[in-house]
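Engineer: Encoded as structure tokens, here's the structure I'll be asking about.
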Amino acid sequence: MSKPVLVVGAGPVGLTMAAELARYRVPVRLIETLPARTDQSRALAVWSRTLELLDAAGCADAFVATGLHASTLGIHSGRQRLARVTFKGIASSFRYLLIIAQSETERLLEEHFLTLGGTIERTTELTGFVDTGEGVTCTLTHAGGESEHVDAGWLIGCDGAHSFVRRRLGLGFEGDTLPTGFIIADTRVAGLALPPDELAIFWHHDGAVMFFPISPGRYRIIADIGAAPPPAMDLGVVQAIVDRRGPGGVSLSDPLWLSHFGVNERKVRTYRAGRVFLAGDAAHIHSPAGGQGMNTGMQDAFNLAWKLALVVRGEARPDLLDSYSAERSTVAQQVLNDSGRITRVVLLKNRLARLVRCLVVRGLFRIPMVPRAIANRLAGTRVGYAHSPLNAGCATGLRGPRPGQRFWADHPLGRGDAPRFTLAATDTPDVRVIIARHAALLNPAPCPPPDKNGIWLVRPDGYVAAAARSADWLVIDAALARIAASPPVPERI
Ligand SMILES: Cc1cc2nc3c(=O)[nH]c(=O)nc-3n(C[C@H](O)[C@H](O)[C@H](O)COP(=O)(O)OP(=O)(O)OC[C@H]3O[C@@H](n4cnc5c(N)ncnc54)[C@H](O)[C@@H]3O)c2cc1C
């Protein structure tokens, strides 16, 4: 049996990582300092692409049944609605934003991990590690103070924004802290004349106030408050902001959570050092605008898990793992740029700039393409790996996605307990030869191609690794040969 992968941190990212490795039958240990799950609602947004990946992992149904399905985002100024973004145009079978408290997300992921035979080792902290080149020797400290040495094959730091793993590796966390803080309140709201499944943002010259529905009559409220933290944090402070910036006539009661926070926009340059990886907040932190942080982190985990599983199972070469940092670091940079841009637009203070913002939003959002593009960008359905080192071939002249683009919204063949590539091609003798030569990496049958003149190699996470005209199927064979751990079975070519 191979050495275990040690996953550090049982937040949403560590839980996703450990569950995916367990699904692929990779020995995994998941450790967590805290004695119990968070009971804070924290990240509320689970976007469509994350739901698609949870679906392939076999646990989306529980999420869909538990969360609230938000259908629109309204942008308002006082009592006037300036624009509306509907989520119905998201190119996914999940055409809504799922609103679910992070405490519930963690509960559902934990249950999923337990059904796969996993356990969470709580009150267990990673306090040291050395990468020996053959593995990672880790020191764990248990609740009573006793130490344990673990000989792990790989170490994955999903240990949050203050990551011990990142600091121990000496990796810089480059970026900025925004010069404004925010208040946050999860509270009962009366008098808000909005559909119950609509998110709303109200712009005002003092700043913005946002309402996110959590459950009937209950909302998450977020507002910017400038550089100084509020002298006292109580419901009166939030009510005063809502009265001034909101539509009027809204009253708040029964707060479950009141807090304030600052916003950092930072990321590491590389997510990998030898046998150690970073994922989630340990690698990148964002403004909460757009609700992307947790989603990006969970998608890091989905990206790394199938690659590491193939390597640990001896089915792929270790250099497959280099694509993880290249792909996910680019995505995090885009998310940082987007969420930073949204935050700056929301926080505009200059009178003229605010006027222009209203005019532009009113005009642009009337063009159906604009709100649709924004909804898809937020939903993560446009995430792709155009510059991945795994990409091969091209789809020029073919009707179908290019290398790096998402092939499947829902991944019909991604649900098994082995990470497998799939050929999307007409079933011909040549295609059968490729499948026979790379049986350890490929699903045993091709699926229908989007264009009968082409052949696509689809990754276990549903993105295109390679594309070519049917006659150029050697391109696909070569792409697989570059990934495979052993030389292809010498079938006729
Ligand atoms: C107020 C607020 C609102 C947010 N809203 C959204 C939103 O709407 N949408 C969104 O996508 N994101 C949102 N986020 C961000 C989201 O909460 C984070 O991105 C998410 O929690 C990151 O998950 P993670 O698993 O990477 O890290 P964490 O959730 O921080 O988990 C890390 C875990 O590692 C453990 N740990 C740390 N060090 C060690 C160690 N040495 N040994 C063992 N265990 C260790 C910690 O105890 C912790 O449990 C929000 C955040 C905040 C604060």
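The values are calculated or read from the model by the stated rules, or taken from the named source; none is laboratory data. Computed from a predicted model, the values in this text were never measured in an experiment. Virtual Cβ from ideal backbone geometry, glycine too; neighbours counted across all protein chains shown. Ligands, DNA and RNA are stripped out before the accessible areas are found, and what is left, the full protein with its side chains, is counted by its heavy atoms. Shrake-Rupley method; radii C 1.70, N 1.55, O 1.52, S 1.80 Å.
Engineer: Once the Cα atoms of the range 1-150 are picked out, what are the Rg and Dmax in Å?
Structural biologist: So, for the range 1-150, Rg and Dmax equal 19.3, 64 Å respectively.
Engineer: Taking a probe of 1.4 angstrom, what is the accessible area of D61 in Å², to the nearest 10?
Structural biologist: 120
Engineer: Calculate, axis by axis, the spread of Cα positions in the range 331-481 along the three principal axes, and write the results as whole Å, longest axis first.
Structural biologist: 67, 30, 25
Engineer: Moving to a separate point now. Over the residues of the range 392-483, compute the C-alpha Rg and express it relative to 2.2 N^0.38 Å.
Structural biologist: Rg over 2.2 N^0.38 Å, computed on Cα atoms: 0.94.
Engineer: Here is a further query. Can you compute the radius of gyration and Dmax for the range 312-403, using only the Cα atoms, both in Å?
Structural biologist: 19.1, 61
Engineer: Let me ask another. What number, in percent, do you get for the relative contact order of the range 392-483 if the mean sequence gap of Cα pairs under 8 Å and at least 6 apart is divided by its residue count?
Structural biologist: Normalised by residue count, the contact order of the range 392-483 is 37 percent.
Engineer: If you don't mind, there's one more thing I want to ask. Over the heavy atoms of L53, what accessible area does a 1.4 Å probe trace out, to the nearest 10 Å²?
Structural biologist: Accessible area of L53: about 20 Å².
Engineer: Taking the Cα-to-Cβ direction at D243 and at A439 and moving 7 Å from each Cα, how far apart do the two end points lie in nm?
Structural biologist: 7.6
Engineer: Can you compute the equivalent ellipsoid semi-axes for the range 175-265, i.e. the square root of 5 times each eigenvalue of the Cα gyration tensor, sorted largest first and rounded to whole Å?
Structural biologist: Equivalent ellipsoid of the range 175-265: 22, 14, 13 Å, largest first.
Engineer: At a 10 angstrom cut-off on C-beta neighbours, averaged per residue, how do the peptides 77-83, 418-424 rank from highest to lowest?
Structural biologist: 418-424, 77-83
Engineer: While we're on this one: Please give the calculated 222 nm ellipticity per residue for the chain, where each DSSP H segment of at least 4 residues contributes -39500 (n - 2.57) and the sum is spread over every residue; nearest 500 deg cm²/dmol?
Structural biologist: Theoretical 222 nm ellipticity from helices: -9500 deg cm²/dmol.
Engineer: Using r as the Cβ-Cβ distance of H204 and V356, and R0 as 25 Å, what FRET efficiency do you calculate, to the nearest 0.05?
Structural biologist: My answer for the efficiency is 0.95.
Engineer: Which whole-number percentage describes the relative contact order of the chain, with Cα contacts under 8 Å and a sequence gap of 6 or more?
Structural biologist: With pairs under 8 Å counted, the relative contact order is 17 percent.
Engineer: About the Cα centre of the chain, how large is the charge dipole given +1 on each Lys and Arg Cβ and -1 on each Asp and Glu Cβ? Please answer in debye to the nearest 20.
Structural biologist: Dipole about the Cα centre, nearest 20: 1880 debye.
Engineer: Here is a follow-up. Taking only C-alpha pairs under 8 Å that are 6+ residues apart, what is the relative contact order of the range 175-265 in percent?
Structural biologist: Result for the range 175-265 is 46 percent.
Engineer: Please report the base-10 log of the normalised intensity I(q)/I(0) for the range 232-351, using a Debye sum with one equal scatterer per alpha carbon and no solvent, at each q in 0.11, 0.15, 0.22 (1/Å).
Structural biologist: Debye intensities relative to I(0), on a log10 scale: -0.55, -0.79, -1.20.
Engineer: If you bin every alpha carbon distance in the chain into 10 Å steps from zero, what whole percent lands in each bin?
Structural biologist: Using 10 Å bins, I get a P(r) of 4, 19, 28, 25, 16, 7, 2, 0 for the chain.
Engineer: In square nanometres, what is one fourth of the surface area of the convex hull spanned by the alpha carbons of the range 337-380?
Structural biologist: 3.3
Engineer: Efficiency by 1/(1 + (r/R0)^6): what FRET value for S253 and T180, r their Cβ-Cβ distance, R0 = 22 Å, to the nearest 0.05?
Structural biologist: 0.25
Engineer: Another one. Report the one residue of I222, L480, L109 whose Cα lies farthest in the direction of the positive end of the charge dipole of the chain (charges on C-beta: Lys and Arg +1, Asp and Glu -1; origin at the Cα centre).
Structural biologist: I222
Engineer: So how tilted is helix 235-245 from the main axis of the chain? Cα-based, degrees 0 to 90, rounded to 10.
Structural biologist: 80
Engineer: Using a 1.4 Å probe, how large is the accessible area of C394, given in Å² and rounded to the nearest 10?
Structural biologist: Rounded to the nearest 10, that gives 70 Å².
Engineer: With Kirkwood's inverse mean 1/r over C-alpha pairs for Rh, give me the Rg to Rh ratio of the range 61-129, two decimals please.
Structural biologist: Taking Rg over the Kirkwood Rh, I get 1.21.
Engineer: Just reorder K88, K3 by solvent-accessible area, largest first, 1.4 Å probe, all chains present.
Structural biologist: Listed by decreasing accessible area, they come as K88, K3.
Engineer: Tell me, what is the FRET efficiency for A36 and V489 to the nearest 0.05, using R0 = 35 angstrom and their Cβ-Cβ distance as r?
Structural biologist: 0.10
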